[in-house]
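The values are calculated or read from the model by the stated rules, or taken from the named source; none is laboratory data. Computed from a predicted model, the values in this text were never measured in an experiment. Please note: Cβ atoms are built from the backbone with ideal geometry, for glycine as well, and neighbour counts cover all protein chains shown.
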Amino acid sequence: MSESTRVGIGYDIHRLVEGRKLVLGGVEIPFEKGLLGHSDSDVLTHAICDALLGAAALGDIGAHFPDTDPRWAGASSLDFLAHAVELITEHGYSIANVDATVLAERPKLRPYIQAMRESLAAVLRIDVDQVNVKAKTNEELESIGRGEAMAAQAIALLITR
């Protein structure tokens, strides 16, 4: 097979609630609320998983880690990401780069961006300069802007040989 590229996009959103840790890109961020869900609900990592799986035409995170399976209750989303990397590698792909955006009104994420990039790059088995993470507010619009939820979008470029 000749070298080619594949692109995938990912998206995730979770409700913010009290009594949960806030984890983004595998990094715990001090905040009074966390993301509600079956696993650690790391929207950033979930979006990246879906981008990778989508680029390789391997389904989505829900197909591989259903929220009905008790094995994944409270699981680290970095484990999901590691599994996605294994799958795409088994199918002959390598990651060229990942670009992601977290949509959150609060807390301010700039101080944690580099740690997120490093955490994600380690699991993705790529250099940190191949991972970009941005944070944007929703300008106080809709559920994200009201501080009720956080979301993330990601795009991944895979190379196949």
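Scan region 66-77 residue by residue and report those that are surrounded by fewer than 21 Cβ atoms within 10 Å (Cβ to Cβ) and either under 11 Å from the mean Cα position of the chain (by Cα) or not acidic (Asp, Glu) (or both). Across region 66-77, the qualifying residues are Pro66, Thr68, Pro70, Arg71, Trp72, Ala73, Gly74, Ala75, Ser76. The set of residues in region 129-142 being without any contact (Cβ under 8 Å) to a residue 24 or more places away in the chain and out of contact with any helix residue (DSSP H, G or I) (no Cβ under 8 Å at 6 or more places or on another chain) consists of Asp129, Leu141, Glu142.
Does region 89-98 contain any residue that is assigned to a loop (DSSP other than H, G, I, E, B) and within 19 Å of Cys49 (Cβ to Cβ)? Yes - at least one qualifying residue is present in region 89-98.
Here's the yes/no breakdown for (1) touching a residue at least 40 places away in the same chain (Cβ under 8 Å); (2) within 29 Å of Glu18 (Cβ to Cβ); (3) of a type in the set (Val, Ile, Thr):
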residue: His64; (1), (2), (3): no, no, no
residue: Trp72; (1), (2), (3): no, yes, no
residue: Ser77; (1), (2), (3): yes, yes, no
residue: Glu105; (1), (2), (3): yes, yes, no
residue: Asp127; (1), (2), (3): no, no, no
residue: Ile159; (1), (2), (3): yes, no, yes
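Across region 128-142, the qualifying residues are those that are under 14 Å from Arg106 (Cα atoms) and surrounded by 17 or more Cβ atoms within 10 Å (Cβ to Cβ), and the one among them that is nearest to the chain's Cα centre (by Cα) is Ala135.
For the condition in contact with a Pro (Cβ under 9 Å, 6 or more places away or on another chain), more than 14 Å from Leu44 (Cα to Cα) and modelled with pLDDT of 95 or more, what is the one hit in Pro111, Pro107? Talk me through it step by step, then tell me what you get.
Numbers: Pro111 fails: in contact with a Pro (Cβ under 9 Å, 6 or more places away or on another chain).
On inspection, the qualifying residue turns out to be Pro107.
All of Arg20, Arg6 fail the test of being within 21 Å of Ala73 (Cα to Cα), at pLDDT 95 or above and basic (Lys, Arg), apart from Arg20. So is Ala156 buried (at least 17 other Cβ atoms within 10 Å of the Cβ) and more than 16 Å from Ser41 (Cβ to Cβ) or not? The answer is yes for Ala156.
If a residue has to be more than 15 Å from Ser77 (Cβ to Cβ) and touching a helix residue (DSSP H, G or I) at 6+ places or on another chain (Cβ under 9 Å) to count, how many in region 51-66 make the cut? Spell out the reasoning first.
Within region 51-66, the subset more than 15 Å from Ser77 (Cβ to Cβ) is 54-59, 63.
Adding the requirement that they be touching a helix residue (DSSP H, G or I) at 6+ places or on another chain (Cβ under 9 Å) leaves 55-56, 58-59, 63.
Count: 5.
Any chance you could count how many residues in region 5-37 are among the aromatic types (Phe, Trp, Tyr) and assigned to a strand (DSSP E or B)? Total meeting the criteria: 1.
For Ile61, are the conditions met, namely being at pLDDT below 95 and in contact with a Leu (Cβ under 9 Å, 6 or more places away or on another chain)?
Values: at pLDDT below 95: yes; in contact with a Leu (Cβ under 9 Å, 6 or more places away or on another chain): yes.
Yes, satisfied.
Just one of the listed residues (Ile48, Ile95, Ile88) is under 13 Å from the mean Cα position of the chain (by Cα), in contact (Cβ under 8 Å) with a residue 40 or more places away in the chain and closer than 18 Å to Ile159 by Cα, namely Ile48.
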